[in-house]
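Reading through the structure tokens given below for one structure.
The values are calculated or read from the model by the stated rules, or taken from the named source; none is laboratory data. Just so we're clear, the structure is a prediction, and the values are computed from it rather than from any experiment. Neighbour counts are summed over all protein chains in view; Cβ atoms, including those assigned to glycine, are modelled from backbone coordinates with ideal geometry.
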């Protein structure tokens, strides 16, 4: 098996987001963090399944646990579902991004950088021969 840990960084300065992904057998455990105070704000678990609209395509179902006062569930849920759907794996994502005095533009940029990091991870993992189902 090739290297089982992947680290990706997207953005600069206060908008930098880091993704750390660990292959746990056939499953994937991911941490998405960034901002001034990385933390655990939400955890999502997703599993791939056939799409209801088109059974030939994959979709994903997820469950999310959000810590009181946090809004990281948006990142955790979307990341877990996209990773599960694209890689056909069970996926756990812990997300925690905090930026002091964040504006709406700051939040949008952090969310976009999270999405970019997930897409980079998917592209890298889809090329790996040891992950072919």
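Computed quantities for the displayed model
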| read-out | value |
| --- | --- |
| Among the residues listed as 106, 73, the single one being in contact with a helix residue (DSSP H, G or I) (Cβ under 8 Å, 6 or more places away or on another chain), surrounded by fewer than 21 Cβ atoms within 10 Å (Cβ to Cβ) and modelled with pLDDT of 95 or more | 106 |
| Boolean, residue 45 is in contact (Cβ under 8 Å) with a residue 60 or more places away in the chain and touching a helix residue (DSSP H, G or I) at 6+ places or on another chain (Cβ under 9 Å) | no |
| Residue check, residue 117 touching a helix residue (DSSP H, G or I) at 6+ places or on another chain (Cβ under 8 Å), closer than 17 Å to residue 23 by Cα and crowded, with 22+ Cβ neighbours inside 10 Å | no |
| Cβ-Cβ under 8 Å pairs, at least 6 apart or on other chains, the stretch 68-95 side on the phi > 0 side of the Ramachandran plot, far side buried (at least 19 other Cβ atoms within 10 Å of the Cβ) and modelled with pLDDT of 95 or more | 88/48 |
| Residues being within 12 Å of residue 23 (Cβ to Cβ) and within 8 Å of the chain's Cα centre (by Cα) - total across the stretch 77-91 | 1 |
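Residue-by-condition table, conditions (1) assigned to a loop (DSSP other than H, G, I, E, B); (2) within 22 Å of residue 124 (Cα to Cα):
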position: 9; (1), (2): no, yes
position: 23; (1), (2): no, yes
position: 37; (1), (2): yes, no
position: 43; (1), (2): no, no
position: 54; (1), (2): yes, no
position: 59; (1), (2): no, yes
position: 65; (1), (2): no, no
position: 78; (1), (2): no, yes
position: 96; (1), (2): no, no
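Residues are listed down the side, and each one gets a yes or a no for (1) at pLDDT below 95; (2) touching a strand residue (DSSP E or B) at 6+ places or on another chain (Cβ under 8 Å); (3) surrounded by 22 or more Cβ atoms within 10 Å (Cβ to Cβ):
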site: 63; (1), (2), (3): no, yes, no
site: 68; (1), (2), (3): no, no, no
site: 78; (1), (2), (3): no, no, no
site: 84; (1), (2), (3): no, yes, yes
site: 88; (1), (2), (3): no, yes, no
